[in-house]
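> Got a structure here, written out as structure tokens. Questions coming.
What follows is calculated from the coordinates using simple rules that are stated; it is not laboratory data. Everything quoted here is computed from the prediction, not taken from an experiment. Backbone-built Cβ (ideal geometry, glycine too); neighbour counts: all protein chains shown.
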Amino acid sequence: MALSKFPTAFEHIDALSHVSNLVGLFRSVAYAILIQPGPYGVFHVLLNWLGISKKRFSMEDTIRETRSEVDFTLPSGNLLQSISDFQASLGLRLLQRLDKDVCSRSSLALELEKALHGIPEIELIPRHAAMGTCHYVRYPILVRNGRRDALATFLTKNGFEASVMYIEHGMNINPTQFPGAARICDELLTLPCHLFMTSSDLRELAELIRQFFQIK
């Protein structure tokens with residue numbers, strides 16, 4: 001998305017290619033269905049069976065070819081493509097409920113954080129003191145002693161998608177130049193805290209993590 005303070009900055013907008021309302025509607029309906037836990041699980045299993053990377057369907061277009069902290073690419077093919085009127089209207093409706101969703105996600109994250117407290121192999125990441133509410137798209141933790149990848153595999157096999165995020169694309173950080181970033185690449189694991197997660201889901205997720213580390 002491109003924004004400008006100047007009203008005339010996009011006068012050439014009519015020259016851009018537009019996504020049709022029908023295509024926009026189809027994409028939105030598809031995403032609305034696939035983000036439900038049941039269909040998403042079936043989609044995940046199907047892609048694994050077909051050997052297709054799920055990242056092909058993600059929106060991380062600018063980092064798929066990223067290999068270092070100074071490397072990124074932009075998809076030039078649709079860089080100047082405008083969204084459809086349907087997508088714009090849908091976006092405005094979603095923005096109206098953004099604050100509510102942020103609070104809900106934050107509440108789920110805090111519940112998960114409380115359940116994970118006291119596990120020696122896990123370091124909980126403190127929030128900045130000036131932040132009242134975090135927008136937790138996913139809940140991040142640091143997993144010590146080189147056990148991050150094994151934990152991610154264990155949780156995914158048990159129905160909770162744990163993600164190591166950007167290093168899935170092959171990012172390589174120089175530990176001498178960037179020790180903090182290198183540690184994050186080695187230890188960062190993100191856990192689901194989306195709005196379909198229930199309190200029982202969060203308790204089950206925390207219990208699986210304790211089971212992995214053999215903590216009662």
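> Calculate one ³J(HN,Hα) per residue across the stretch 105-110 by plugging θ = phi - 60° into the Karplus curve 6.51 cos²θ - 1.76 cosθ + 1.60, and present them in order as whole Hz with x for glycine and proline.
Per-residue couplings from phi come out as 5, 4, 5, 5, 4, 5 Hz.
> Could you calculate the contour length gain from residue 137 to residue 182, that is, 0.36 nm times the residue separation minus the distance between their Cα atoms, to one decimal place in nm?
Extra length from residue 137 to residue 182 when fully extended: 14.0 nm.
> With the crude spin-label approximation of a point 7 Å out along Cα→Cβ, what separation in nm comes out for residue 200 versus residue 42?
2.2
> On to the next question. For the stretch 144-160, in order, what is each residue's ³J(HN,Hα) by Karplus, 6.51 cos²θ - 1.76 cosθ + 1.60 with θ = phi - 60°, in whole Hz (x at glycine and Pro)?
Taking θ as phi minus 60°, the curve returns 7, 6, x, 9, 4, 5, 5, 5, 4, 5, 4, 5, 5, 5, 9, x, 10 Hz for the stretch 144-160.
> Would you mind computing, in nm to one decimal, how far apart the modelled labels at residue 57 and residue 123 are, each placed 7 Å from Cα along Cα→Cβ?
Each label point lies 7 Å from its Cα, and together they span 3.5 nm.
> In percent, how large is the relative contact order of the stretch 98-216, given Cα pairs closer than 8 Å and 6 or more residues apart?
Relative contact order, the stretch 98-216: 34 percent.
> When the Karplus curve 6.51 cos²θ - 1.76 cosθ + 1.60 is applied with θ = phi - 60°, which whole-Hz ³J(HN,Hα) does each residue of the stretch 39-48 get, with x for Gly and Pro?
Once θ is set to phi - 60°, the couplings for the stretch 39-48 become x, 5, x, 5, 4, 4, 5, 4, 5, 4 Hz.
> At 0.36 nm per residue, and after removing the present C-alpha to C-alpha distance, how many nm does the segment from residue 100 to residue 5 gain when stretched out fully?
Extending this stretch completely gives an extra 31.5 nm.
> At a Förster distance of 30 Å, what's the computed FRET efficiency of residue 26 paired with residue 130, Cβ-Cβ distance as r, to 0.05?
Approximately 0.10, to the nearest 0.05.
> Search the structure for amide H atoms under 5 Å from the amide H of residue 193, placed 1.01 Å from N in the peptide plane, and list their residues when 5 or more places away or on another chain.
Correct list: 139.
> At 20 °C and 1.002 mPa s, grab the translational diffusion coefficient of the stretch 98-216 from Stokes-Einstein with a Kirkwood Rh over Cα pairs, rounded to a whole number in µm² per second.
142
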